[in-house]
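A short worksheet on the structure shown next.
The values are calculated or read from the model by the stated rules, or taken from the named source; none is laboratory data. Predicted, not measured: the structure shown is a model, and the values here were computed from it. Here the Cβ is made from the backbone with ideal geometry for all residues, glycine too, and neighbour counts use every protein chain on show.
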Amino acid sequence: VAAAMAAERGVAMATCTAPVNIAVIKYWGKRDTDLILPINSSLSVTLHQDQLKTITTAAASRDFTEDRLWLNGKEADVGHPRVQACLREVRRLARKRRGGGEDTAALSLSYKIHIASENNFPTAAGLASSAAGYACLVSALARLYGLEEELSEVARRGSGSACRSMFGGFVQWQRGDRPDGTDSLALQVAPETHWPELRVLVLVVSGEKKPVASTAGMQTSVETSPLLKHRAEVVVPERLAQMMQHIRDRDFEGFGQLAMRDSNQFHATCLDTFPPIFYLTDVSRQIIALAHRYNAHHGHTKVAYTFDAGPNAVIFALADTVAEFVEVVRRSFPPATNGDQFVRGLPVGSAALSPELAAAVVTEPVPGAVQYILHTKPGPGPQLVDDPSQHLLGADGLP
Ligand code: DP6
């Protein structure tokens with residue numbers, strides 16, 4: 001509403017930030033590619049925005065002559081179908097809310113809009129940014145038009161996984177049954193405060209090549225993989241219920257085991273796709289083997305890995321394990337150049353490895369294979385940025 005009032009003269013503006021999420025029960029495959037309706041439900045952990053976030057400013061003015069979009073400072077195609085779908089849905093909801101009546105305080109829906117969006121992390125790191133990007137776009141637009149309803153359904157139209165970034169903590173994207181997608185939305189399973197000891201390490205792998213985009217990859221999987229069909233129909237419904245219980249119980253053993261198995265099955269469906277898709281690299285597989293040696297040495301699940309459509313590993317661990325495991329990673333993948341910046345994000349204490357642990361776990365070091373480690377934790381959903389100095393667009397509506 002504040003944004004709308006300011007619009008009577010000049011430029012109305014709203015700025016939001018939104019988080020990245022990492023799935024522990026993976027989404028892979030659509031039953032409707034236009035509405036972005038999945039073949040199975042999925043479940044993710046929202047990561048803290050202190051380490052990874054998108055910030056987006058949306059502005060509207062009677063004086064703008066066309067819709068425009070800037071991504072990381074460079075003008076981009078505002079006509080992109082998914083950007084247009086989000087815009088159209090937000091405007092439709094705003095129109096519906098006003099019930100066709102004349103709300104003089106409301107921002108005119110006929111005004112063109114300007115959008116600027118930036119990530120606080122390098123895109124080169126290959127960290128999934130579309131989920132945070134679309135969640136942020138929808139949050140900023142909603143603020144601009146004064147919408148207060150739950151908008152995961154709209155974010156889903158930008159990117160499936162984006163609907164889960166509309167909430168903090170532990171989030172389920174429920175598959176839904178309706179053909180129009182009105183029941184395919186995100187629900188918070190537990191807030192980020194639910195499991196205070198949970199930590200996340202993103203192992204950014206070096207020398208990344210451009211992988212097959214998820215949108216194209218998952219469609220080929222739907223068309224060719226019998227394993228994916230079995231996974232969606234039989235495996236995921238069971239796992240989803242189990243995972244929710246592990247989260248409710250803060251049972252790291254159960255949570256970690258299932259997260260690893262589900263990541264592995266997702267990558268197995270990629271191999272079962274024809275022609276096959278490979279997202280994991282030798283380094284990814286070395287990290288997997290390392291995690292299993294580390295857990296075997298300790299006799300229980302201390303760390304759990306998961307991989308999306310790329311080679312970077314996301315590791316879950318409890319806070320008391322982080323320093324030791326980071327030292328294990330440093331010894332296994334000795335930093336090539338940026339030794340001082342090898343660990344980023346939340347502080348990590350120092351740990352000495354016992355000779356037994358080092359001998360059992362650190363087998364064949366591969367120098368330079370991991371670029372850096374980002375230490376973070378579960379965090380909240382999209383946030384409104386109140387401070388006008390943080391807007392990405394100036395009073396003229398330009399970056
Ligand atoms: C492997 O959400 O990027 O990260 O809906 O086509 O935009 P589209 O795909 P996207 O797929 C994410 C796939 C995944 C698993 C997950 O996040 O659940």
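For segment 207-223, which positions are away from the ligand (no atom under 14 Å from the Cβ) and surrounded by fewer than 16 Cβ atoms within 10 Å (Cβ to Cβ)?
Of everything in segment 207-223, those that are away from the ligand (no atom under 14 Å from the Cβ) and surrounded by fewer than 16 Cβ atoms within 10 Å (Cβ to Cβ) turn out to be 207, 209, 210, 223.
Taking residue 65, is it in contact with a Ser or Thr (Cβ under 8 Å, 6 or more places away or on another chain), more than 16 Å from the ligand (Cβ to nearest atom) and under 17 Å from residue 398 (Cβ atoms)?
Criteria not met by residue 65.
Restricting to segment 17-52, and then to whatever is assigned to a strand (DSSP E or B) and surrounded by fewer than 24 Cβ atoms within 10 Å (Cβ to Cβ), can you tell me which residue is nearest to the ligand (Cβ to nearest atom)?
Within segment 17-52, the match that is nearest to the ligand (Cβ to nearest atom) is 30.
Condition first: at negative phi and assigned to a helix (DSSP H, G or I). Can you find one or more residues in segment 305-320 that meet it?
Taking every residue of segment 305-320 in turn, at least one turns out to be at negative phi and assigned to a helix (DSSP H, G or I).
Would you check if there is a residue in segment 198-205 being of a type outside the set (Asp, Glu) and either more than 30 Å from residue 326 (Cα to Cα) or within 14 Å of the ligand (Cβ to nearest atom) (or both)?
Step one: of segment 198-205, the residues of a type outside the set (Asp, Glu) are 198-205.
The next check asks that each one be either more than 30 Å from residue 326 (Cα to Cα) or within 14 Å of the ligand (Cβ to nearest atom) (or both); those that pass are 202.
Yes: one or more hits.
Of the conditions (1) on the phi > 0 side of the Ramachandran plot; (2) crowded, with 18+ Cβ neighbours inside 10 Å, residue 72 clears all except one; give me its number.
Status for residue 72: all satisfied but (2).
Would you confirm whether or not segment 240-253 contains a residue that is in a loop (DSSP other than H, G, I, E, B), more than 14 Å from the ligand (Cβ to nearest atom) and in the same structural domain as residue 49 (by the TED database)?
no
State yes or no: is residue 356 away from the ligand (no atom under 16 Å from the Cβ) and either closer than 28 Å to residue 210 by Cα or loosely packed, with under 13 Cβ neighbours inside 10 Å (or both)?
Criteria met by residue 356.
Have a look at 178, 156, 143 and point out the one that is within 14 Å of the ligand (Cβ to nearest atom) and either under 25 Å from residue 84 (Cβ atoms) or basic (Lys, Arg) (or both).
Exactly one of 178, 156, 143 is within 14 Å of the ligand (Cβ to nearest atom) and either under 25 Å from residue 84 (Cβ atoms) or basic (Lys, Arg) (or both), namely 156.
Please note which strands (runs of 3 or more DSSP E) are completely contained in segment 92-203 and include at least 2 residues that are free of Cβ contacts under 8 Å to residues at least 40 places away in the same chain.
Working: elements: 112-119, 170-173, 186-190.
The qualifying strands (runs of 3 or more DSSP E) are 186-190.
Would you mention how many residues in segment 305-315 are away from the ligand (no atom under 13 Å from the Cβ) and surrounded by 23 or more Cβ atoms within 10 Å (Cβ to Cβ)?
Residues meeting the conditions: 2.
Being among the β-branched types (Val, Ile, Thr), at pLDDT 95 or above and not assigned by the TED database to the domain that holds residue 386 is true for just one of 212, 202. Which residue is that?
That would be 202, the only listed residue that is among the β-branched types (Val, Ile, Thr), at pLDDT 95 or above and not assigned by the TED database to the domain that holds residue 386.
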